[in-house]
1. Given (1) open to solvent by 40 Å² or more (accessible area, probe 1.4 Å); (2) not assigned by TED's automatic domain parsing to the domain that holds HIS86, where does GLU135 come up short, assuming only one miss?
2. For the stretch 69-92, name all the residues that are more than 13 Å from the ligand (Cβ to nearest atom) and closer than 22 Å to ALA141 by Cβ.
3. Among the listed residues LEU124, LEU148, LEU128, identify the single one that is surrounded by 14 or more Cβ atoms within 10 Å (Cβ to Cβ), within 14 Å of the ligand (Cβ to nearest atom) and not assigned by TED's automatic domain parsing to the domain that holds HIS324.
4. Could you run through the stretch 15-56 and say how many residues are open to solvent by less than 40 Å² (accessible area, probe 1.4 Å) and free of Cβ contacts under 8 Å to residues at least 12 places away in the same chain?
5. Looking only at the stretch 246-277, which residues are part of a helix (DSSP H, G or I), away from the ligand (no atom under 14 Å from the Cβ) and more than 19 Å from LEU293 (Cα to Cα)?
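The values are calculated or read from the model by the stated rules, or taken from the named source; none is laboratory data. Bear in mind that the values here come from a model prediction, so they are computed numbers and not experimental data. Cβ placement follows ideal geometry from the backbone for every residue including glycine, while neighbour counts extend to all protein chains displayed. Side chains are part of the model used for accessible areas, which takes the heavy atoms of the whole protein and leaves out ligands, DNA and RNA. Shrake-Rupley method; radii C 1.70, N 1.55, O 1.52, S 1.80 Å.
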Amino acid sequence: MPEALDEFPRLKLAHLPTPLVEMHRLREALRTQSGRDVPRLFIKRDDCTGLATGGNKTRKLEYLLGEAVAQGCDTVVTTGALQSNHARQTAAAAAAAGLACILVLFDTVPYAGHAYRKSGNLLLDRILGAEVRVEPAGADAGKVFAELFKEIEAKGGKAFFVPVGGSNPTGSLGYARAYLELADQAEARGLGKAVLVHASSSGGTQAGLIAGAQLRGGGPAIAGINVYRKDNAAMAEGIHALACKTAALLDVSAPPAGSVDLDGGYLGEGYGLPTPEMRTAVERVARMEGVLLDPVYTGKGMAGFIGQIVSGKYAEMEAAIFLHTGGMPGLFAYEEEFVPC
Ligand SMILES: Cc1ncc(COP(=O)(O)O)c(C=O)c1O
């Protein structure tokens, strides 16, 4: 591991390295479906990072909470949607680090499923001991956080704010580190020319991976599937800006402008709203590979991965790797998408 990544405070929270597993049955099915040869398919199991059902945020939180502890903070505050996987992993990381955790969750997703407002990640947040504060969609976030920080200070506490998705340069260091881990695994197994495809939302995962590629000076290509914003170009620009800041932290050159590969074709009606392709992808991968995805991120991400493979986008590649970023508890919040209730 390059020294640059060890220069920042870091708590060891994740079970690493996560496994890289070949998906033989899915490859065979996509070969038949497309009528063409397809690259070897793999899944990088970052759903197995270990913290309260795992996921990508655990790697970011290693650096973020490392910073919180270094600053002497005792209360972690973060935010997201009601079914935020990031919030759940932050609650777990704070518990493991012996810090208090306050989650400010905004009720922004217009999904009317009956379990959405009580089960899934929300249930786990409470079991993990976080204080959960729910705010309506239109709430003034600036005011909510200003009042909360005052309240913590008045009680003698010191707050550490983790931005949505843990997506700032410090959090992205976790995915620069992940890129090196994956690229080494791919090289050791002789995968050859490869691409890494994943669901992209607040952008820290993709930005970190890109910064990691800059640090390593080569390795698998990186392709995001947008599950978050309707304005794909603006989202790609934001990811590029964050990748540049992360690269600067690591003292490596910035990625070229316009180089972020982000596919906006699988979002559907919007963030957190199910699509038929997501449902098919979740069931297909569960039934062919025994792997559980989620309805908000990895289900749409996998729908994109499958669509891109079938379209021949990766015909020149020897291997295509799907980064499983976690999110499985979300299945319980969206149960009627899969089982008639
Ligand atoms: C399961 C899962 N996958 C992917 C993502 C996207 O990661 P990022 O926000 O770093 O783009 C998230 C973010 O919350 C997530 O929870």
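1. Of everything listed in (1) open to solvent by 40 Å² or more (accessible area, probe 1.4 Å); (2) not assigned by TED's automatic domain parsing to the domain that holds HIS86, GLU135 misses just condition (2).
2. CYS73, THR75, VAL76, VAL77, ALA91
3. Values: LEU148 fails: within 14 Å of the ligand (Cβ to nearest atom); LEU128 fails: within 14 Å of the ligand (Cβ to nearest atom).
Being surrounded by 14 or more Cβ atoms within 10 Å (Cβ to Cβ), within 14 Å of the ligand (Cβ to nearest atom) and not assigned by TED's automatic domain parsing to the domain that holds HIS324 holds for just one of LEU124, LEU148, LEU128, which is LEU124.
4. 0
5. The answer is ALA247, ALA248, LEU249.
Conditions tested, residue by residue: (1) more than 30 Å from GLY312 (Cβ to Cβ); (2) aliphatic (A, V, I, L, M).
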position	(1), (2)
PRO2	yes, no
SER34	no, no
THR53	yes, no
LEU61	yes, yes
